[in-house]
1. Given the options GLU68, GLU53, GLU92, name the one that is without any contact (Cβ under 8 Å) to a residue 60 or more places away in the chain and closer than 30 Å to ALA108 by Cβ.
2. For segment 1-55, name all the residues that are at pLDDT below 85 and among the charged types (D, E, K, R).
Amino acid sequence: MILATFFTTKNAIMFLFVTLFFLIGMIIYRKVLSKFKKGQVSLNDFCVLYSLEKNEQTGELEFYFTNEKKKHVVFEILSENEEVLHKLTDQEYNQGGHIIRFDSKALANGTYFYQLRTENQETKKRMVINNA
């Protein structure tokens with residue numbers, strides 16, 4: 001008897017409207033999220049430049065970077081004032097990990113930067129040269 005009064009036609013219609021409203025709200029929410037996601041940056045479009053392992057660098061240095069897509073890369077050694085001292089590479093690299101070697105004896109002891117540039121990225125890292 002109590003169930004019969006609870007599930008009247010009016011309550012059933014109200015329940016259906018609430019469910020429909022909830023479903024429409026979820027669809028709109030998912031559409032809004034997908035619109036915002038379209039503007040996000042894909043990390044696959046960028047190279048990852050790794051830091052050198054030691055604080056002070058000596059001898060031959062190995063600069064390591066990875067890329068998910070074929071990229072044209074410019075790799076440079078910069079002074080402390082960020083002036084280009086040496087351009088180590090200016091070429092296209094296939095997908096994968098790459099090592100660029102440089103003899104630090106070509107530089108006086110001090111602080112320098114190394115920089116990786118592509119058409120959509122510029123990444124700089126600091127290094128200290130101490131060739132004793």
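1. GLU53
2. Answer for segment 1-55, where residues must be at pLDDT below 85 and among the charged types (D, E, K, R): LYS10, LYS35, LYS37, LYS38, GLU53, LYS54.
The values are calculated or read from the model by the stated rules, or taken from the named source; none is laboratory data. Please read these numbers as outputs of a predicted model, since none were measured by experiment. Here Cβ is always computed from backbone atoms with ideal geometry, including for glycine, and neighbour counts include all displayed protein chains.
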